[in-house]
Each structure stands twice: as C-alpha cells, then as structure tokens.
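Following: one structure in structure tokens, then a few remarks.
Computed from the coordinates by the stated procedures, all read-outs in this text should not be read as laboratory data. Bear in mind that the values here come from a model prediction, so they are computed numbers and not experimental data. Cβ placement follows ideal geometry from the backbone for every residue including glycine, while neighbour counts extend to all protein chains displayed.
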C-alpha cells in the first residue's frame, strides 16, 4: 500500500511504496544561474568566471539539499512522523544552516 505524506514545508512530498522504499520531491533546489551576454573577449572571460563561481555555489547548495532530502526520506521510511512541528523546525534549521554557509 502506498502512502503520500505532504509536509507543508518547502513543498516536501514523500511517497512511500509500502515495501521499504519511497521517493521525495521538494522545492529545495536552486536553478542553474543565468548566462549573461558578453561582447568582447575580456567581458566573456569575466562573465564566464562569474558564471562558474555561481554554478559552483548552486551545485554545492543542491548537493546539501539532496542530503537533507535523503535524511527526510529515510526518516519517513523508518516510520517517523515527518509532519510534526518539531520535525519541520529541524528541516527549516538544516536548510537555513546550509543556505548561510554557501
């Protein structure tokens, strides 16, 4: 029997399959940075380096969010109630911690 858990926290929805597995979706991930136009070679180098720096930050942040999602899914699969106010506060604290260290 499948179960859908909606947390009302960062759009997190967990789908438990009933056989010890599941999946998770959320609004936690950041999108790839926009690429800016450049008209000269020096502008291109500057814009490209800025893009790479921003992309690295996004990649690191998204990797941290993957870890948080994995922990949430693992807790749900193990039978923990991930909809409690205390659990959601823990999620928010973890996400803020990652965002503040980026």
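Looking only at the range 28-55, which residues are closer than 30 Å to residue 70 by Cβ and loosely packed, with under 10 Cβ neighbours inside 10 Å?
Passing the criteria: 31, 34.
Checking residue 61 against (1) surrounded by 16 or more Cβ atoms within 10 Å (Cβ to Cβ); (2) over 21 Å from residue 101 (Cα atoms); (3) touching a helix residue (DSSP H, G or I) at 6+ places or on another chain (Cβ under 9 Å), which test does it fail?
(2)
Out of the residues in the range 10-25 that are part of a strand (DSSP E or B) and either surrounded by fewer than 17 Cβ atoms within 10 Å (Cβ to Cβ) or free of Cβ contacts under 8 Å to residues at least 12 places away in the same chain (or both), which is farthest from the chain's Cα centre (by Cα)?
15
Residues of the range 44-102 being without any contact (Cβ under 8 Å) to a residue 24 or more places away in the chain and not in a helix (DSSP H, G or I), which ones?
78, 79, 80, 81, 84, 101
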